[in-house]
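Visitor: Sending over a structure as structure tokens; questions will come in a sec.
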């Protein structure tokens, strides 16, 4: 029981809880935009999904930057480095998810909803670690103005 308490205290904290909440909000936004584009604007399912993915990733970048990892970098090269690293990580996790779903659903025959659920867990974990250790690594540093000399 003591070991469970230590694990809980180590992994359930402000950062992980806020990451979960922001992830839920991002997912709701993704589904909402997808439904809006598909049913209201009569876009194809792939176009609707792509638009929803782009909107959700941009939203996720800002909520993760501000609320989860508390990055203070807002201008210059460091901001764009964070942004493009975030986009790249999300594209990689999207590629993983697509491959995972193709293998599990199309090749093995696992029901789509199960494959989507399992892949979502892996993607969430991958994205968290990418954000924590590769993207928002300068979160505690206040941005310093560029000095021309």
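Visitor: Please state which of the following conditions residue 71 fails to meet, knowing it meets all the rest: (1) in contact (Cβ under 8 Å) with a residue 24 or more places away in the chain; (2) over 16 Å from residue 136 (Cβ atoms).
Guide: Result: residue 71 passes all but (2).
Visitor: Now a separate question. Quick test of your reading of the structure: residue 94 fulfils all but one of (1) farther than 19 Å from residue 134 by Cβ; (2) assigned by TED's automatic domain parsing to the domain that holds residue 131. Name the failing condition by number.
Guide: (1)
Visitor: Return the residues of region 98-123 that are under 30 Å from residue 73 (Cα atoms) and at pLDDT 90 or above; say none if nothing qualifies. Spell out the reasoning first.
Guide: Initially, region 98-123 is screened for residues under 30 Å from residue 73 (Cα atoms), giving 120-123.
Correct list: 122, 123.
The values are calculated or read from the model by the stated rules, or taken from the named source; none is laboratory data. The structure presented is a predicted model; accordingly, all values stated were derived computationally and were not measured. Neighbour counts run over all protein chains shown; Cβ positions are idealised from the backbone, glycine included.
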